[in-house]
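Okay, so here's the structure we're looking at.
The values are calculated or read from the model by the stated rules, or taken from the named source; none is laboratory data. The shown structure was predicted, so the numbers you read here are calculated from the model rather than taken from an experiment. Accessible surface is based on the protein model in full, side chains and every heavy atom, while ligands, DNA and RNA are left aside. Shrake-Rupley method; radii C 1.70, N 1.55, O 1.52, S 1.80 Å.
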Amino acid sequence: MRVGIVDRRTAAVAMSVAPVVGIPLGALLAAVFVLLGTAGAPTLLAASVTLGAGTLLTRALHLDGLADTVDALGSYRAGEAGLAVMKKPDIGPFGVATLVLTLLTQTAALTSLAGTAPTAAAATVITAWVTGRLAISWACRRGIPAARPTGLGALVADSVPPLPLAVTTAATAAVSVAAVPARPWQGPLAVLLALTATLLLLRQCRRRFGGITGDILGACLELATTIALITLALR
């Protein structure tokens, strides 16, 4: 694909509409999950294949960011020392354990959808994946600095204005209502809890590293997706 000019203005637009990317991705993964279930596959198998497809389509980019961020936080180092841990190409025990538990939790949450109406199951998957991208928008909102002067974090930090953030958040909450039709409040609650967890992670990262990096954005996405799935699994 041809790439045009990538500057702060382009980054602001991209981060503002990040939740929109979650719609086709979530819809595709929802189709995989629902079709496998309709074909008679055990729910655990359908959940595992769905997450595998999601990992393949995103090239495990966000999982890598999650592992690097947790390794840096787990090192108890701050500033440049903590960022150096985050930048290392290997994954430490904190990162490995977090990846295993995250994927296990997401699989268990999807498995709990056994017996759920296909439309509600699809809405659950779409809501979780859109919420994960919404977390990125929140992590790039105005007032959140970059931890480094260069890199993805420096390009997208402090770039998302309040208006598009409010619009995408409201739209995500509206879409989430279909995930649990019997309890229309549960979908918006899942979005709220996911964003709350994201803000807490951002607070800790700002305190330890001074701002955000590309890895921290990936960690926010995976955290928000997982919290949304957990909340929507409680039926």
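Residues of the chain: accessible area per residue at 1.4 Å, in Å²? Could the numbers behind the result be given before it?
Values: 11140 Å² over 235 residues.
So the chain comes to 47 Å² accessible per residue, rounded to a whole number.
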Is the shape of region 102-145 rounded, prolate or oblate, going by the alpha carbon gyration tensor and its root eigenvalues a ≥ b ≥ c, with a/c under 1.5 for rounded and a/b larger than b/c for prolate? oblate
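Taking only the alpha-carbon atoms of region 36-137, what semi-axes of the equivalent ellipsoid follow from 5 times the gyration tensor eigenvalues under a square root, in whole Å, largest first?
Ellipsoid semi-axes (Å, largest first): 32, 14, 11.
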Over the alpha-carbon set of region 1-68, work out the extent along each principal axis and list the three values in angstrom, largest first. 48, 26, 21
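On the protein heavy atoms, probe 1.4 angstrom, tell me the percent of accessible surface of the chain carried by carbon and sulfur.
72
Rounded to the nearest 500, what is the chain's calculated 222 nm mean residue ellipticity when only DSSP H runs of at least 4 contribute -39500 (n - 2.57) each, over all residues?
-24500 deg cm²/dmol
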State the extension gain, in nm to one decimal, for the chain segment bounded by ALA39 and THR111, taking 0.36 nm per residue of separation less the distance between their alpha-carbons. 24.4 nm
What value does region 118-235 have for Rg/Rh, both radii from Cα atoms and Rh as Kirkwood defines it? 1.02
Rounded to the nearest whole Å³, what is the per residue volume of the convex hull around the Cα atoms of the chain? 115
Take the eigenvalues of the Cα gyration tensor for region 154-200, scale each by 5, and report the square roots as semi-axes in whole Å, largest first. 25, 12, 7
